[in-house]
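Take a look at the structure set out below.
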Amino acid sequence: MNISKFVSPEIILGMGAISQVGESAVRLGANKVFLVSDEGVINAGWVEETLGYLKAAGLQYEVFSNITSNPKDNEVTEGAARYLESGCDAIISVGGGSPTDVAKAVAILATNGGTIQDYEGVNKVHRPLPPMLAITTTAGSGSELTQFAIVVDRQRKLKMTIISKSLVPDIAIIDPVVLQTKSARLTAATGIDALSHSIESFVSLAATPLTEIHALNAIKLISQNLRESVASRTNMEAKKNMAVASLQAALSFSNAILGATHAMVHQIDGLLDTHHGESNARVLPYVMEFNMISCPYKFKQIAAALGEDVTGLSTRAAAEKAISAVRCLVKDIGLGKGLAEVGLKEEHIPTLSRNAVKDACLITNPRDADENDIAELFHQVL
């Protein structure tokens, strides 16, 4: 067995887990916390609830919410300045991937200086970060558990991938009750993001036995619960299972990294400001078709985890069932239309392809992919 590392925050999971935020922040040594969120989460009431627990624990706070769904470099710069001015000594995010990624990026700039572009890539953060606690409000992004931060470079119109073990929050709080305030469309999009995380990390060149077991169970839980979670805000059994699925998918991809789907989606989101999960729904089946010949047995395992009967089938036939099952799931939850419908044009493809091959996520894709391969995939998704 090769030597591998597995990183994870302390995880607090369960109904009502959000109530643990005050005590958890105190354990991290916080006196005044910088709380990062967005207007949607504020309107849903979760920031107000979090602040109540912080007050009860005797903590001061500063709220920063000037961020968008695909967070931009200028928002990070503003957040870092606010953090330094406020005298805060810890950071809490309340939300999905956007607030959590901004919180991580703010932590980098507040202690390491420079611009967020300086940290694009792998292991470029060298100074310790402030204590970080993340409360997730989606079952999908997984950022509350990972060593990733994704930020849009407005000038280049792409999403930068920042990877560092320093970015793993100290504590992650996962409360399925919070998921009840999500719309059906957001539930669908974030659920497919989690599916993409689990599938890509399972076939990743950096996968290990520890990541694979988390990825496969996440795939199974998503296949069994995402449709039901989309259909009903009050189906708490489905919400609980999707929370666990997102958690396991995140543990897997944080350690095994991802692949061509995310390398491509980062470019789409950066250019068109599309929702990350919806972009995944469009791209994932095509990348699966491309990657299948590199690890057909793994695709057979994915098919079984998706609930497909692979008894008596050849490895290839079983592997193909994984792709058709994903297409069916995407269709059932109302996603997966072509990228042309969200504004992608033929003339965008050369630039998107050039940028995608530079994305850190492509390094662990199981099949070699050059600029021409990625361009062909973009044409197929179009």
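Any read-out appearing in this document is the output of simple, stated calculations on the displayed coordinates, not a laboratory observation. Everything numeric here is computed off the predicted structure, so don't read it as measured data. All Cβ positions, glycine included, derive from the backbone under ideal geometry; neighbour counts span all protein chains shown.
Before moving on, here are some points about what is shown:
- Counting beta carbons within 10 Å around each of Thr261, Thr100, Thr364, Thr136 and listing the fewest first gives the order Thr364, Thr261, Thr136, Thr100.
- Only the Cβ atoms of Lys and Arg (+1) and of Asp and Glu (-1) were treated as charged; on that basis the dipole of the stretch 244-382 about its Cα centre amounts to roughly 360 debye.
- Couplings for the stretch 327-337, taken from phi via the Karplus curve 6.51 cos²θ - 1.76 cosθ + 1.60 with θ = phi - 60°, read 4, 5, 4, 4, 5, 4, 9, x, 10, x, 6 Hz in order; Gly and Pro are left as x.
- Applying 1/(1 + (r/R0)^6) with r as the Cβ-Cβ distance of Glu39 and Gln117 and R0 = 25 angstrom yields a FRET efficiency of 0.45.
- Total lysine pairs under 29 Å (Cα atoms) in the stretch 10-178, excluding pairs fewer than 8 apart on one chain: 19
- Considering only Val125, Asn70, Ile11, the residue lying farthest towards the positive end of the dipole of the stretch 10-178 is Val125, judged by Cα position with unit charges set on Cβ.
- Phi to ³J(HN,Hα) by Karplus 6.51 cos²θ - 1.76 cosθ + 1.60 over the stretch 177-189, Hz, x for Gly, Pro: 4, 4, 5, 5, 8, 7, 6, 4, 5, 5, 4, 5, 5
- The chain - mean residue ellipticity at 222 nm from DSSP helices (-39,500 (n - 2.57) per run, n ≥ 4, rounded to 500): -16500 deg cm²/dmol
- For the chain, the longest principal axis of the alpha carbon atoms and the long axis of helix 296-305 meet at an angle near 60°.
- Simple label model, 7 Å out from Cα along Cβ direction - Ile293 to Gln60, nm: 6.3
- Student exercise, the stretch 211-276 dipole from Lys, Arg, Asp, Glu Cβ charges, in Debye to nearest 20: 260
- Set of lysines with alpha-carbon distance to Lys321 below 16 Å, sequence-local pairs under 8 removed: Lys220, Lys298, Lys300, Lys331
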